[in-house]
Structures are given as structure tokens and as C-alpha cells.
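Enquirer: A single structure is presented below for examination.
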Amino acid sequence: MEKIKLILVDDHTLVRDGLKLLVQNDKRILVIGEASCYNELIQLLSIELPEIILMDISLPDISGIEITKIITLEYPSINVIVLSMYINEEYILESIKAGAKGYLAKNTTKVELLKAVYSVFDHGEYFGEQITKIILKSYLTQIKNPPNDNDDISKKLTRREEEILNLLLNGASNKDIANKLFISIRTVESHKNHLMNKLDVKSNIDLLKYAVKNKIIEI
């Protein structure tokens, strides 16, 4: 089984030790290093690249958000999940803009932490329910005048794409959708890529924004 290589970045040793305890017994995850600051992280990356970095925001040299931006640009194969005590709109949105693929509160459960790691590793994203609501509410405040030229979604998407869109908006994973619709995960991914291209969105968060903006769902 392929291991998900993980690096922990937090300036508190106790926090890193706690995270290691949460994930070290998982058969899919391998912690290959830990860092307390940007310089230590860069040293680790010169030795071995992880698939995922769990990133704190408050660090002594450079903020985790700035580091995320650097990692996204210079190490595109690495995915960053921000793990922070700050659950507010500013930090969440700035982290996403910097390239974070996930955002978790530090009081998250082991189950959700592992779910986030798996989801991001499988070329996705993970923003828990609480975080997603903050993102969407922020987006809603930016919408002052609804567009007058909204395309009829039924004219854009096939029936199967509409089914998959509705399931995605209800939090279903690719595997869940495949099981429900009796199709392969590869077929689900193909349909998902097609509908995202048609709607001109790049991620699940963009898809949610589109759904809110076009009144497909309400918050």
C-alpha cells in the first residue's frame, strides 16, 4: 500500500507530538519529518518531499500562509492542509488564496484529520462543514447584484452531470457517487471534470460558490 508521506509544521513541540500520536498508527500515513519554522521545513524538503504538509499559521519566522504560497509555487506536487487555532474568514480565505487544499481547526477530531489527509491525497480538497460555511457566507457578502445573464444550468449539463453536481453539493465523495450511481470512480472523475469545465470552475470550493451564486443551493 502506498504511504502518504507527511511533514508536520508547528512551532510547538507538544502540538507536533500530539499530531504524531494521532496519525502514526494509521497504516496509510508516514510522518517523514517535522519543522518548527520555514528554514527547518526547507531543509527537510531538500532531503525528501512529502505528499502533504500539515501547516500551522503562527510561526516564528514566516507565517504559515506565506509558506503555503511559496510551497504552492515552488513545490506543486506538495499539498498543504492548514491546521490552525484561528477559525475566521480572513485566515481561511488567505490560506485558500495561497494555495491550501484544506483547512482544519486545531480542535478537530482524529477522524476528521485523517479524512482530510485522505481527501487531499486523493487529488481533492477538504474543508469541514464549519469552514465551508464561513467560506460561503463570505462569498455571499461579496455578491451585491445578482447577474442578469445567468445561463440556464439545464442547458449546460447533461442529466448525469446534474446528478453528480447535486451529489457533490451534498458532500458526497467520488467513491460515494460511484457506488450510488453504479459507475466507476474513473467515470465519476470524468463527468466531474466535464461539468467543472462547462461551469468554468477549478475546485470544489469554486463549485460551491457557483451553486450559491446561481441559487442552486442556499446557505
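Enquirer: Among (1) closer than 20 Å to residue 87 by Cβ; (2) in contact (Cβ under 8 Å) with a residue 60 or more places away in the chain, which single condition is residue 67 missing?
Expert: Tallying (1) closer than 20 Å to residue 87 by Cβ; (2) in contact (Cβ under 8 Å) with a residue 60 or more places away in the chain, residue 67 fails exactly one: (2).
Enquirer: State which residue pairs qualify: first residue among the hydroxyl-bearing types (Ser, Thr, Tyr) and inside the range 43-60, second residue crowded, with 18+ Cβ neighbours inside 10 Å in any location, beta carbons under 8 Å apart, and separation of 6 or more residues or different chains.
Expert: Qualifying pairs under 8 Å: 58/64; 58/84.
Enquirer: Regarding the range 82-98, can at least one residue be identified that is over 15 Å from the mean Cα position of the chain (by Cα), farther than 19 Å from residue 132 by Cα and among the acidic types (Asp, Glu)?
Expert: no
Enquirer: Let me ask another. Can you tell me which residue among 126, 118 is within 25 Å of residue 173 (Cβ to Cβ), touching a helix residue (DSSP H, G or I) at 6+ places or on another chain (Cβ under 6 Å), surrounded by 14 or more Cβ atoms within 10 Å (Cβ to Cβ) and at pLDDT 90 or above?
Expert: Residue meeting the stated conditions: 126.
Enquirer: Just to be sure before I move on: is residue 43 assigned by TED's automatic domain parsing to the domain that holds residue 123, out of contact with any Asp or Glu (no Cβ under 9 Å at 6 or more places or on another chain) and at pLDDT 95 or above in the structure I sent?
Expert: Working: assigned by TED's automatic domain parsing to the domain that holds residue 123: yes; out of contact with any Asp or Glu (no Cβ under 9 Å at 6 or more places or on another chain): yes; at pLDDT 95 or above: yes.
Judged against the criteria, residue 43 is a match.
Enquirer: A follow-up question, please. Counting only residues that are aliphatic (A, V, I, L, M) and part of a loop (DSSP other than H, G, I, E, B), how many does the range 159-189 have?
Expert: Within the range 159-189, residues that are aliphatic (A, V, I, L, M) and part of a loop (DSSP other than H, G, I, E, B) number 2.
Enquirer: Also, I was wondering about something else. Give just the number: which of (1) of a type outside the set (Ser, Thr, Tyr); (2) within 24 Å of residue 23 (Cα to Cα); (3) under 14 Å from the mean Cα position of the chain (by Cα) does residue 59 not satisfy?
Expert: Just one mismatch for residue 59, condition (3).
Enquirer: Return the total of residues in the range 48-69 being out of contact with any helix residue (DSSP H, G or I) (no Cβ under 6 Å at 6 or more places or on another chain) and at pLDDT below 95.
Expert: Number of matching residues: 6.
The values are calculated or read from the model by the stated rules, or taken from the named source; none is laboratory data. Everything numeric here is computed off the predicted structure, so don't read it as measured data. Cβ sites come from the backbone with ideal geometry, for glycine too, and all protein chains shown count toward neighbours.
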